[in-house]
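Read the structure below first, then the notes.
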Amino acid sequence: MQNLVVLGATGTIGRNTLDVAARHPDKLRVQGLTAQRDVEGLFELCRLHRPRYAVLVEPAAAARLRDLCRDAALDCEVMEGVAAICELAAHPEAGQVMSAIVGAAGLLPTLSAVRAGKRVLIANKEPLVMAGALLMAESARHGATLIPIDSEHNAIFQCLPSPARCGERPKGVHRLILTASGGPFRETPLAQLEAVTPQQAVRHPNWVMGQKISVDSATMMNKGLELIEAAVLYRLPADRLDVVIHPESAIHSVVEYVDGSMLAQLGQPDMRVPIAHALAWPERWESGVGGLDLAALGRFRFEAPDERRFPCLRLARFALRQGGALPNALNAANEVAVEAFLQHRLNYPGIPAVIEEVMDAAAGRQAGDDLDGILALDAWAREAAAAAVAELGRSLRHA
Ligand code: NAD
Ligand code: MG
């Protein structure tokens, strides 16, 4: 019996994780759940899964959850703040920690789990982009086990010679090919992209996901972040990492070996598959998802991504090749730009415009190798991005 802590429990990945965990009460016990501020959402999950601990970032929200749990006679200790999330992520009795907070906000809790030597199931890709070297070094030092949840990196993990280990360059691998659906705007005429709305951008053809990653999928920044994530997890240089658009989202990624063999993992576009794989690894457990009906699918298509359509992919490739401060700056600027887009303060082409401006300004800056340096660069890039958003917003209003 293992204790499971889910960071970001109320999100898409968090809920899918709890769905899988609830299928295996003989193997997993839900020990702790965390969220930012969704009181009702977390309370409902506490009633269903009976965790020993629950944490909300916002104190007022935590106070309300405490009342609700007391009134419902739940034996759940409710805590508040980021420090409490970090403490829970490192709890001595926690066996597996699902890292599923969205964005850079997940860095400190993920680092805390890594430094406690936990088995960390990592969905939260942004910390790997902003602080990949630090996370991998700390993981090696403290004997943590990282298992990727991102469907592409999980697919690659499954196709590597076993036992696969994140943070080590796999033997005999020539190239990793990340598949991408191409998102909702794969075929939208380029001239129309100027006017696409947040509602259109979050309507993903194949996957149900949180808002931020849905916009990232539309711009293909998601695939750009995933290239950097793959470089960090599998220690391969930029020229060994490729992206191919595969609109069916049936093949989740491909490992090409030096002998020309290519191994792929296939499955339904349902995150419970990689989640169950990671929870069970090296065993296999039921996920609640069946296999694919290949004959019904009929055919698989592949196409090369067009960087004019997806400038964010070009920017991420550049950040990966240059390294230094750029991946962190790219990630921070993207988070700020996507939020502004979702709030109608920035138009869709404004997203890559803001990121490029911040990356240009970041080119001469120190990378910041330790945590303080990384957080300082992140904060600087967010300020620069906010200024660029305001500037672009002004010029749009005057246009
Ligand atoms: P989501 O928006 O659905 O959920 C985010 C969760 O994080 C919520 O529980 C929220 O309360 C919590 N959270 C948000 N801000 C926080 C903060 N400042 N402090 C603490 N907690 C905070 O997101 P999601 O789609 O579940 O994605 C989570 C992560 O997994 C992201 O990094 C995403 O890129 C990655 N991922 C998601 C999918 C998917 O299918 N959804 C696939 C691959 C990778
Ligand atoms: Mg992915």
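Coordinate-derived values only; no laboratory data. Fair warning: this is a prediction, and the values are worked out from it, not measured in the lab. Here the Cβ positions follow ideal geometry from the backbone for every residue, glycine too, while neighbour counts run over all protein chains shown.
Can you tell which of L320, L121, L74 shows the greatest fluctuation in a Gaussian network model of the chain with Cα springs below 10 Å?
Taking springs between Cα atoms under 10 Å, the residue moving most is L74.
Mind computing the radius of gyration and Dmax over the alpha-carbon atoms of the chain? Å is fine for both.
Answer for the chain, Rg first and Dmax second: 20.5, 63 Å.
Helix by helix, which DSSP H runs in the chain go 20 Å or more along their axis at the Cα atoms and have an average Kyte-Doolittle hydropathy of 0.0 or more?
126-142, 326-342, 371-398
Report the residue, chosen from G323, G117, G267, that carries the largest GNM mean-square fluctuation when the chain is represented by alpha-carbon nodes joined by springs under 10 Å.
Maximum among the listed residues: G323.
Would you mind working out the magnitude of the charge dipole of the stretch 168-311 relative to its Cα centre, with +1 at each Lys and Arg C-beta and -1 at each Asp and Glu C-beta, to the nearest 20 Debye?
100 debye
What share of Cα pairs, in percent, lie more than 23 angstrom apart in the stretch 2-148?
Of the Cα pairs, 28 percent sit more than 23 Å apart.
What dipole magnitude, in Debye to the nearest 20, does the chain give about its Cα centre under +1 on Lys/Arg Cβ and -1 on Asp/Glu Cβ?
400 debye
Based only on other Cβ atoms within 10 Å, what is the fewest-to-most ordering of F185, F318, F43, F302?
Going from least to most buried by this count: F302, F318, F185, F43.
Please order S214, S99 by the number of other Cβ within 10 Å, starting at the fewest.
S214, S99
Taking just the alpha-carbon atoms of the stretch 324-398, what radius of gyration and Dmax come out, in angstrom?
When restricted to the Cα atoms of the stretch 324-398, Rg and Dmax are 12.2, 42 Å.
Where the centre of each part is set by its Cα atoms, how far does the stretch 198-248 sit from the stretch 71-103, in angstrom?
Cα centroid to Cα centroid, the span is 28 Å.
Identify all lysines with a Cα-Cα distance to K27 below 29 Å; exclude those on the same chain that are fewer than 8 residues away in sequence.
K118, K125
Arrange R299, R169 by Cβ neighbour counts within 10 Å, fewest through most, would you?
Lowest count first: R299, R169.
Return the single residue from P163, P59, P274 with maximal mean-square fluctuation; model: Gaussian network over the chain, springs between Cα atoms under 10 Å.
Greatest mean-square fluctuation among the candidates belongs to P163.
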